[in-house]
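The values are calculated or read from the model by the stated rules, or taken from the named source; none is laboratory data. Computed from a predicted model, the values in this text were never measured in an experiment. Cβ atoms come from the backbone with ideal geometry, glycine included; neighbour counts cover every protein chain shown. Areas reflect the complete protein model, heavy atoms only, side chains present, ligands, DNA and RNA absent. Shrake-Rupley method; radii C 1.70, N 1.55, O 1.52, S 1.80 Å.
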Amino acid sequence: KFQKDMSWTWIAAEGKNGGRWLPGRPKYVARDSDTSPEEDFANGVEYYLFEQTRLKFMDSQVREWLKSQFGAKMELE
């Protein structure tokens, strides 16, 4: 769901079993967030838990998605 909602697209390699992920948003919270949806998600969770202000400023779409999916379950006590 994260991949689709955050506009990630899988580009299959021709004649091979490989491919690559194509990022679909203009801004990301960390430099390596645009390398794969897994890294994007991991960085989003990290910043959601520990640096929400930066996440809100740099990638509010991920922040809102995490909030809608996990709500209070993602809040640190």
Modelling each spin label as a point 7 Å along the Cα-to-Cβ direction, I'd like the LYS67/ASN17 distance in nm, to one decimal. 4.3 nm
Loop-exposed trypsin sites (Lys or Arg not before Pro) per DSSP, neighbour cap 16 Cβ within 10 angstrom, longest uninterrupted part of the chain: 28-77
Length-normalised contact order of the chain in % [C-alpha pairs under 8 Å, at least 6 apart]: 21 percent
Per residue, how much accessible area does the chain show when a 1.4 Å probe rolls over the protein heavy atoms, in square angstrom? 71 Å²
The lysines whose Cα lies under 23 Å from the Cα of LYS4, excluding any fewer than 8 residues away in the same chain, are LYS27, LYS56, LYS67, LYS73
CD proxy, 222 nm, the chain: helix-only mean residue ellipticity via -39,500 (n - 2.57) per DSSP H run with n ≥ 4, per residue, nearest 500, stands at -13000 deg cm²/dmol
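Indicate the gyration tensor shape class of the chain (rounded, prolate or oblate), computed on the Cα atoms with a ≥ b ≥ c the square roots of the eigenvalues: a/c under 1.5 is rounded; otherwise a/b larger than b/c is prolate and the rest oblate.
prolate
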Per-residue HN-Hα couplings for the stretch 51-58 [Karplus 6.51, -1.76, 1.60; θ = phi - 60°; Hz; x = Gly/Pro]: 8, 4, 4, 5, 4, 4, 6, 7
Whole-percent carbon and sulfur contribution to the accessible surface of the chain (1.4 Å, no ligands, DNA or RNA) stands at 51 percent
State the answer as a single residue: which of THR35, GLY15, VAL45 lies farthest towards the positive end of the charge dipole of the stretch 1-49, with beta carbon charges of +1 for Lys and Arg and -1 for Asp and Glu, about the Cα centre. GLY15
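May I ask you to derive the FRET efficiency for THR9 and GLU46 from their Cβ-Cβ distance with R0 = 22 Å, giving the value to the nearest 0.05? Walk me through the numbers before you get to the answer.
On the way: r = 24 Å, r/R0 = 1.08.
The pair THR9/GLU46 has a calculated efficiency of 0.40.
Under unit Cβ charges (Lys, Arg +1; Asp, Glu -1), what dipole magnitude, rounded to 20 debye, does the stretch 9-48 have relative to its Cα centre?
160 debye
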